[in-house]
Amino acid sequence: MNIEDQTISFYGGTYTGEVFNGAPSGLGAWVHPDGQACAGEWVYGAFHGHAALKLSEGETYVGACKYGQ
């Protein structure tokens, strides 16, 4: 497998963590300049599994996510 920790540009922000074939896959964190952030488990570029989200308005969510939802 070709999974390794990297920092990449992703959806207008910066993702740092495990990357597979150029997309977030594994554990990592994404931060956007407007204050949004997501840390947790990723599968093929979508957060999936346990994640912590922070929206630009300051709201937060910690829990399960399924393919970005």
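The values are calculated or read from the model by the stated rules, or taken from the named source; none is laboratory data. Remember, predicted model here, so these are calculated numbers, not experimental data. We place every Cβ from the backbone using ideal geometry, glycine too, and count neighbours over all the protein chains shown. Note: accessible area is taken over every heavy atom of the protein model, side chains too, but ligands, DNA and RNA are not part of it. Shrake-Rupley method; radii C 1.70, N 1.55, O 1.52, S 1.80 Å.
Observations on the structure shown:
- Taken together, the residues in segment 38-62 that are open to solvent by less than 60 Å² (accessible area, probe 1.4 Å) and touching a strand residue (DSSP E or B) at 6+ places or on another chain (Cβ under 7 Å) amount to 12.
- Restricting the first member to segment 8-33 and to residues that are modelled with pLDDT under 95, and the second to residues that are surrounded by fewer than 16 Cβ atoms within 10 Å (Cβ to Cβ) and aromatic (F, W, Y), the beta-carbon pairs closer than 7 Å and six or more apart or on different chains are A23/Y44; S25/Y44.
- A Cβ distance below 7 Å, combined with a sequence gap of six or more or placement on separate chains, defines the contacts here; from segment 44-55, residues that are at pLDDT below 85 reach residues that are open to solvent by less than 40 Å² (accessible area, probe 1.4 Å) in the pairs F47/C38; F47/G40; F47/C65; F47/G68.
- Each residue in segment 38-69 was checked for being over 21 Å from E4 (Cα atoms) and in a strand (DSSP E or B), and 9 of them qualify.
- If the condition is being open to solvent by 50 Å² or more (accessible area, probe 1.4 Å) and either within 15 Å of G68 (Cα to Cα) or of a type in the set (F, W, Y) (or both), then segment 1-19 contributes only Y11.
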